[in-house]
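Encoded as structure tokens, the structure appears first; notes follow it.
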Amino acid sequence: MEEKILIIDFGGQYNQLIARRVREKNVYSEIRPYTITISEIKKIKPKGIIFTGGPASIYQENAPSCDLEIFELGIPILGICYGMQFMAEALGGEVQRATKREYGQMEVELQNNIPLFKGLEVKNICLMSHTDYVSKLPVDFLKIAKTKTCEIAGFANLEKKFYGVQFHPEVNHTKNGEKIIENFVKNICGCKGLWKMDMFVKNKILELKEKIKDQKVLCALSGGVDSSVAASLLSSAVGSNLTCIFVDHGLLRKGEVEEVVKTFGNREDVNFIKVDAKDRFLEKLKDVTDPEKKRKIIGEEFIRVFESEAKKLGTVDYLVQGTIYPDVVESGIGKSSVIKSHHNVGGLPEHVDFKEIVEPLRDLFKDEVRQVGIELGLSFDLVNRQPFPGPGLAIRIIGEITEEKLTILKDADYIFREEIKKHNFDKDINQYFAVLTNIKSVGVMGDERTYDYMLALRAVTTDDFMTANFSKIPYDVLEIISKRIVNEVNHINRVVYDITSKPPATIEWE
Ligand code: XMP
């Protein structure tokens with residue numbers, strides 16, 4: 001039977017990170033809301049439970065709380081931050097509110113002779129982020145960690161295998177935090193670490209084969225990582241019963257259409273349909289300058305093109321969606337999952353006949369999806385592609401979109417990407433691209449006056465794309481990029497670098 005760690009969500013901002021850290025130890029983890037019932041937990045049969053942090057205070061009205069029978073199940077529990085306070089309160093300890101919030105990296109003194117901190121130094125830097133704190137230990141608990149200002153920064157009932165830490169072991173700001181998670185999952189819960197991607201791929205293919213048999217499956221390929229991996233998985237399972245429709249809206253980056261065609265177009269086991277719809281999209285986008293309008297038009301048009309191609313195929317049994325785990329989790333506590341829409345705007349096609357949706361990646365995080373892609377033999381470049389918005393380059397051309405502007409942007413963006421890779425920054429920078437502004441300015445080239453476009457470069461480092469810092473690309477690299485773009489791309493005579501973080505700016509310009 002599969003080993004599982006159940007993560008009980010009290011609303012903390014790092015919950016997905018906890019699940020990822022556990023999976024990095026090759027143990028499957030699942031996030032569930034704190035409203036989960038005991039019978040559901042028993043059905044999951046977790047080897048261990050982690051209570052997440054959360055913004056609430058344990059004494060506030062309607063403070064999140066789960067069924068206290070959870071402490072009777074004989075399953076090891078690790079409470080983090082609010083999760084620790086919840087455990088303290090539930091088991092007879094006390095929690096108080098400090099006058100000042102403690103936030104930042106602190107030195108924590110750990111009792112490293114207990115299983116949770118095995119292999120760690122006594123002094124360890126940890127991220128603290130709390131106002132409430134445990135002021136009295138629950139019955140039969142001992143103190144296992146402290147800081148200068150927080151006397152009980154960790155506690156444990158070794159016999160019952162209940163642990164609590166006030167700091168956040170799941171974030172990188174806590175040194176050796178992943179070791180703490182590993183200790184809990186492996187030493188305390190006894191997981192062996194059997195969750196591996198090659199097994200996932202084998203099992204998923206078998207499962208899909210069994211389910212789909214010789215029925216027909218349809219997949220919309222966007223050129224992105226998720227839909228490519230989903231399509232590849234399906235093709236391994238059902239072969240030529242899969243049809244992939246790739247709508248080329250003309251708004252992809254330079255080289256991407258060719259890459260998709262190379263990956264799927266030449267395979268004998270996939271029915272691949274490429275629709276050249278660039279003219280249709282550009283016509284619809286003519287004179288449109290409002291970013292939201294652009295998004296809406298592209299989303300709707302995409303669905304229309306997809307529908308009209310799909311109609312030619314008649315009834316299909318399954319429609320593939322590249323939904324991944326963060327989409328499922330972000331759809332909200334206790335709510336059923338929202339189906340990922342094409343380009344996040346258009347929703348599902350209404351006029352395609354299909355019986356059921358199949359989402360083969362819905363249990364996986366992005367990095368796991370990439371590993372599955374590699375297992376299936378997709379190219380490293382495709383699988384490690386940076387995120388790209390559904391509306392494509394349309395929202396990176398400020399103002400009206402024309403064919404000429406598209407060519408300018410594609411060429412400039414390609415040079416930027418090429419240089420970032422060449423200088424080995426592509427691993428550290430999470431998203432980088434060029435934006436064609438609608439500002440023209442005066443320049444001089446040779447002896448000639450020019451009056452041409454200003455291009456902006458954007459590069460950010462981020463964990464979750466909700467917040468981001470602009471990347472500190474060295475000046476000499478920026479200089480090389482700027483020189484190359486102005487020399488090699490017609491109609492750009494000025495390059496600027498965007499030095500705003502998110503917030504207050506967003507990553508995309510539109
Ligand atoms: P922002 O600009 O909101 O972007 O800071 C955050 C992340 O989301 C991507 N993005 C989109 N992705 N459809 C998408 O599929 C969209 O309409 C869209 N808008 C932004 C953006 O590239 C970044 O990774």
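What you get for segment 396-497, charging only the Cβ of Lys and Arg (+1) and of Asp and Glu (-1), is a dipole of about 120 debye around the Cα centre. Restricting the GluC sites (Glu not before Pro) of segment 123-222 to loop positions (DSSP other than H, G, I, E, B) with no more than 15 neighbouring Cβ atoms within 10 Å leaves Glu151, Glu159.
If you take the alpha carbon atoms of the chain and fit the smallest convex hull around them, that volume is 171 Å³ per residue.
Based on the Cβ-Cβ distance from Asn438 to Val275, what FRET efficiency comes out when R0 is 25 Å, to the nearest 0.05? In this case the efficiency is close to 0.25.
Backbone phi angles across segment 237-245, fed through the Karplus curve with coefficients 6.51, -1.76 and 1.60 (θ = phi - 60°), yield HN-Hα couplings of 8, 10, x, 6, 6, 9, 10, 10, 10 Hz in residue order; Gly and Pro are listed as x. Computed about its Cα centre, the charge dipole of the chain is approximately 820 debye, with only Lys, Arg, Asp and Glu carrying charge at their Cβ. Contact order for the chain, expressed relative to its length and based on alpha carbon pairs under 8 Å spaced 6+ residues apart, stands at 10 percent.
Put simply, the amide H of Ala98, placed in the peptide plane, has neighbours under 5 Å in Asp132, Tyr133, leaving out anything fewer than 5 places away on its chain. For GluC sites (Glu not before Pro), the sites in segment 219-324 that DSSP calls loop and that have at most 13 other Cβ atoms within 10 Å are Glu268. Measuring r between the beta carbons of Lys118 and Ser39 and using R0 = 41 Å, the FRET efficiency lands at 0.75. In terms of overall dimensions, segment 353-465 has a Cα radius of gyration and Dmax of 18.6, 66 angstrom. Could you tell me which residue out of Ile31, Ile485, Val383 lies farthest along the dipole of the chain toward its positive end? Charges go on the beta carbon: Lys and Arg +1, Asp and Glu -1, centred on the Cα centre. Going by the Cα projections, it comes out as Ile31. For the residue pairs Lys204/Lys366; Lys45/Lys186; Lys286/Lys311; Lys43/Lys186; Lys196/Lys262; Lys254/Lys293, alpha carbon separations beyond 19 Å are given by Lys286/Lys311; Lys43/Lys186; Lys196/Lys262; Lys254/Lys293.
Under 12 Å from a label point set 7 Å out along the Cα-to-Cβ vector of Glu488, the amide N atoms of segment 393-416 belong to 411-416. With neighbour counts taken as other beta-carbon atoms within 10 Å, the residues Ser379, Ser39, Ser235 rank, fewest first, as Ser39, Ser379, Ser235. Converting phi to 3J(HN,Hα) with the Karplus coefficients 6.51, -1.76 and 1.60 and the offset θ = phi - 60°, segment 397-408 yields 10, 6, x, 5, 9, 10, 4, 4, 4, 4, 5, 4 Hz in sequence order, with x at every glycine or proline.
Amide H to amide H distances under 5 Å link Thr450 with Gly443, Val444, Met445, where only residues 5 or more positions off or on other chains count and H is placed in the peptide plane.
Considering the options Val201, Asn438, Gly79, tell which one lies farthest towards the positive end of the dipole of the chain, charges being +1 on Lys and Arg and -1 on Asp and Glu at the Cβ, about the Cα centre. The residue sitting most towards the positive pole is Gly79.
Rule-based calculations on the coordinates, nothing more; no lab input. Note that this is a predicted model, so its numbers are computed, not measured. Here the Cβ is made from the backbone with ideal geometry for all residues, glycine too, and neighbour counts use every protein chain on show.
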